[in-house]
Amino acid sequence: MKKGDVSGVSSQASRPNFMLFIVGVILGCCMMSVYTTFYRRQPYFANIVKLKTQANLDQLNSLAHVNISDPHGHIEVNDGNKVDPHEKLKFKQHKDLHYKDANQVAKELYDKVRVLCWIMTSPQTLDLKASNVKETWAKRCNVALFISSENNPDFPTVKIETKEGREYLWQKTRGAFQHIYENYLDKADWFLKGDDDTFIIVENLRYFLSDKNTNEPLYYGRKFKPYVKQGYMSGGAGYVLSKAAVKKLVEVAFKDSKKCRPATAVGGAEDVDIGRCLQAVEVVAGDSRDELGQDRFHPFVPEHHLIPGSVQKGFWYWKYIFYPSTEGLDCCSDNSISFHYISPQSMYLMEYLVYHMKPFGVGYYTCKHQKADLTKSKNI
């Protein structure tokens, strides 16, 4: 190429530019195709993103996104459509028609096996959860106390000087038993601890305790095996102490830092801590299973025990249970006492299923000799 001849340079320089133009056109067409495809399928992709990223899966079934007026739409009212019961449900009792004389044994045991129930709650969950406990199973306790970090005279609650949070549950638990010892020891024979999402069938608890001596140092619940040699009872499933056990706990264990954590201790697990305290003062962790070896106290909702596979085999529960446990209909005693993680709505569902829905012509038959045995309580 001669000096001063620039035509060759221009021709060569235009080739890369032309190639870039062609590449740009191809990329542009591809992007347009992708955009068009995505735009047409946008609702589908939006739902997938929601499914994978939405923290509250209940919203996926919100009635706001479906036609609730279509009776053939197979729309199920499920967890996504639940609302908290702002107005507490009231069941019509119809005592004469509903029970007739079928609850006579339960009435007799109410006086012979006196149970104080104390319910762990908080200012944040008092109205949402504890109020439903108050309207359902707590009414069947001889004494019901709601333990919180704040005083609410209208509910009412018992204030324990502590903060809220899992790290302060030991302080609240220890404070509750101290308060019970000082104010209610003679007003009950047995002392039950439950959470504000625990459902207790109190009549079954009294039946279970009816042949046991409250003057012996005993406590019962769903026994777990780690951390404490004799086992300890699940806090969520609820546990019950005899009068002698409460006395030993407060009079001996609470006064010895080698036997019990101090009242100001933070962290830990309240059910494990209580188990250690009680073992240190020789309170026996009893066996609460029925004559068939089926459990009475349950740390989960009923369906998680009844439906096989609901609790995966790698879950901590299978390593913690003290006694072998099965899934399915043989999981749970017919005289079950407790279930845990019960939602506010399910609190009323349990109330209805246990106390109100009855199959016609079918009932629990109590033999005369069995009735006599049940009402002979050893409690003083």
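Data table
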read-out	value
Fraction of alpha-carbon pairs over 19 Å apart in the stretch 116-170 - percent	23
Table column - 3J(HN,Hα) (Hz), the stretch 242-250, Karplus curve with 6.51, -1.76, 1.60, x for Gly and Pro	6, 4, 5, 5, 4, 4, 5, 4, 7
Value in Å of the Kirkwood radius, where the stretch 178-252 supplies the Cα pairs that are averaged	13.2
Peptides ranked, highest mean first, by Cβ atoms within 10 Å: ranges 202-213, 348-359	202-213, 348-359
Gain on full stretching of the segment that runs from residue 316 to residue 103 - 0.36 nm per residue minus C-alpha separation	72.8 nm
Within the accessible area of the stretch 192-248 (1.4 Å probe), percent carbon and sulfur	45
Heavy-atom accessible surface of the stretch 115-154: percent carbon and sulfur, 1.4 Å	44
Base-10 log of normalised Debye intensity for the stretch 245-297 (one unit scatterer per alpha-carbon) at q = 0.18, 0.20, 0.29 Å⁻¹	-0.63, -0.72, -1.11
Label point distance in nm, residue 265-residue 307, each placed 7 Å from Cα along Cα→Cβ	3.8
Theoretical gain in end-to-end length, residue 143 to residue 357 [0.36 nm per residue, Cα-Cα removed]	74.4 nm
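The values are calculated or read from the model by the stated rules, or taken from the named source; none is laboratory data. Fair warning: this is a prediction, and the values are worked out from it, not measured in the lab. Because the Cβ atoms are built from the backbone with ideal geometry, glycine has one as well, and the counts that use them run over all protein chains shown. Heads up: the accessible areas ignore ligands, DNA and RNA and are worked out on the full protein's heavy atoms, side chains in. Shrake-Rupley method; radii C 1.70, N 1.55, O 1.52, S 1.80 Å.
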